[in-house]
1. For region A:154-265, give me every one of the strands (runs of 3 or more DSSP E) that falls completely inside it and has 3 or more residues that are of a type in the set (A, V, I, L, M, F, W, C).
2. For region A:153-163, enumerate the residues that are surrounded by fewer than 17 Cβ atoms within 10 Å (Cβ to Cβ) and either in contact with a strand residue (DSSP E or B) (Cβ under 8 Å, 6 or more places away or on another chain) or closer than 19 Å to A:L103 by Cβ (or both).
3. Could you tell me whether any residue of region A:63-74 is within 14 Å of chain B (Cβ to nearest Cβ), assigned to a strand (DSSP E or B) and under 30 Å from B:V61 (Cβ atoms)?
4. Hey, can you tell me all the residues within region B:255-273 that are within 11 Å of chain A (Cβ to nearest Cβ) and surrounded by 24 or more Cβ atoms within 10 Å (Cβ to Cβ)?
5. For region B:58-76, what are the residues that are surrounded by 15 or more Cβ atoms within 10 Å (Cβ to Cβ), in contact with a helix residue (DSSP H, G or I) (Cβ under 9 Å, 6 or more places away or on another chain) and of a type outside the set (D, E, K, R)?
6. Look through region A:220-240, keep the residues that are within 7 Å of another protein chain (Cβ to nearest Cβ) and without any contact (Cβ under 8 Å) to a residue 12 or more places away in the chain, and return whichever of them is nearest to the chain's Cα centre (by Cα).
7. Can you work out which of the residues in region B:92-105 that are out of contact with any helix residue (DSSP H, G or I) (no Cβ under 8 Å at 6 or more places or on another chain) and modelled with pLDDT under 95 is nearest to the other protein chains (Cβ to nearest Cβ)?
Amino acid sequence: MVKDPQARIIDKKNWKSYFSLSLESPRIAAQAQSGQFIMVRVSAHTQPLLRRPFSIHSKSEKTVEIFFQITGLGTELLSQKKPEDSLDILGPLGKGFEAGKNLKGKDIALVGGGRGIAPLYFLSQKLRSYGATARIFYGGKSQEDLPLKEKFEKEGFDLHWSTDDGSSGFKGFVSDLFKTELEKYTPDRIFACGPELMMKKISLIAQEKNIPAEFSLESVMGCGFGACWGCVRRIKRDNREEWVKICEEGPVFSGNDIIWEEGDE
Amino acid sequence: MTDLSVDLGFLKLKNPVIGASGTFGYGLEFEPYIDLNRLGGFVVKGLYFSPREGNPPPRLVETPSGLINAIGLPGIGVKRFSEEILPRLQKFNTTVIVNVCGENNEEYASVVEFLDKYDGIAAYELNISCPNVEQDGLCPALSPEATFSAVSLVKKTSSRPIIAKLSPNVTDVVQIALSAEEAGADALSLVNTFLAMAVDIETRKPKLSNIYGGLSGPAIKPIALRMTHQVAGRVKIPVIGMGGILTGQDALEYMIAGAKAVEVGTANFIDPESTVKIIEELREYCQKKGIDRIETLIGTLQA
């Protein structure tokens, strides 16, 4: 956990409302694990006041990359940053995916919905380096919500995709696509990130088939490092339910521990 | 060499900058970012006697230059604090203040009674002003009588100095301050957050699960500063000012208006190095102005 007040933007990509920024920060890159996040100061002024959390999309020796969608003022300001601008960032923060060398030779499903695909790219690289097979399930509202499709394809991942409107790939939710594919094969493990309802559905599928699954949760955060108690989620701990800080004990949790929100099943 | 130390009478601080309760965790959360030994002190997250869960999310909402929180004082309780946290805080050469909470006067007293057995705590900040634990933001600091009875009972129980933390959600903060002073408070800290709300116009629901929360950040600074000035001019005990302090300049405004020390809150979320930066900015100001001792600046507001 370090603060880098001047992480230089060395690359920026844009697909309609989606952006990626590659930030030069060797100290954060050296520590970054897949599933961890950074807190980015989006304004030097007091509006918006707080930093914004972004999961780490990829890393190299000297850089960490974030991938985001414009969803409000913070991400809009961030999308206006240009290469050579500097950003004040904190990281790497939180606990990432439990994905180690023990997954060698395993068949792993990565399920991402919308901007929730962000941490799964970093994870796919990691899994490949460990000799695991990562299959990618990528869903969006429409074809323009699948900006990273080509990136996964180009790198030769087994990629399955869906759109809610059927403009590309399987028509329907990525959870339905995933369920269909599970009639043909059974992954050894599932990692997922996306909208709440999508993750809840994936979690139910995983529990039904008894496949270990981990989920990266999203939350508004005050600080990102455990000081404000603002980003809590209902989590099972020792047979009890507790409000647990997503920034500190997450953002990645086991599907068996997450209490999903009621409704919309 | 500028002397940044300030003397509260019952407690000498190496500088006037204190991390504010509820924004500074148990202190240890900031260890990766700053040297805690450099701080004037910090106030740990409010402690009830037993562990507490706090409110359901959403607990936070940003507003222009501000933050409304309805965290609801979750915490580990005094036992775990004394076993797991306090021994680690004792290693630091800074002032540790514990923010004391209670659902009633007896609980405030029992927290203090329990913690009195342990070393490494310089004072208690009595949290009689959290707006997020009872309906409509009710708390003792809204009434002079309830303030008097809470402060006097805790003062009788405690072997350590008591700082009463006041609420801004009152008609006349001076009246409450005088009650706390009369009840035996050794110092006052003000202000806690302003009772506030925000509405989602799409769903027409409140943006906080608790409906109301407490507003902090730069948005409240001018009002909090005015209240600090009013109180500092009327009480004899030291006043610790807080509300929206982000920079050395903000801290200086409070000190010139009469605060002997300041607490830095929301700024810690934006930049975990804020407290240390503010100390440096105070030093630079003093050097530039030829001020040898920062204490000589306190309450020097010109007519």
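1. The qualifying strands (runs of 3 or more DSSP E) are A:189-193.
2. Of everything in region A:153-163, those that are surrounded by fewer than 17 Cβ atoms within 10 Å (Cβ to Cβ) and either in contact with a strand residue (DSSP E or B) (Cβ under 8 Å, 6 or more places away or on another chain) or closer than 19 Å to A:L103 by Cβ (or both) turn out to be A:E153, A:E155, A:G156, A:D158.
3. no
4. Passing the criteria: B:G265, B:T266, B:A267, B:N268, B:F269, B:P272.
5. Scanning region B:58-76 gives B:T63, B:S65, B:G66, B:L67, B:G75, B:I76.
6. Restricting to residues being within 7 Å of another protein chain (Cβ to nearest Cβ) and without any contact (Cβ under 8 Å) to a residue 12 or more places away in the chain, the top hit is A:V220.
7. Step by step, filter region B:92-105, then rank; the result is B:E103.
One line per residue, one yes/no per condition, for (1) closer than 25 Å to B:G217 by Cβ; (2) surrounded by fewer than 18 Cβ atoms within 10 Å (Cβ to Cβ); (3) within 14 Å of another protein chain (Cβ to nearest Cβ); (4) among the charged types (D, E, K, R):
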site: A:G194; (1), (2), (3), (4): no, no, no, no
site: A:I202; (1), (2), (3), (4): no, no, no, no
site: A:S254; (1), (2), (3), (4): no, yes, no, no
site: A:I258; (1), (2), (3), (4): no, no, yes, no
site: A:E261; (1), (2), (3), (4): no, yes, yes, yes
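The values are calculated or read from the model by the stated rules, or taken from the named source; none is laboratory data. This structure is a prediction, so every number in the text was calculated from the model and none was measured. Ideal geometry is used to build each Cβ from the backbone, glycine not excepted, and the neighbour counts take in all protein chains shown.
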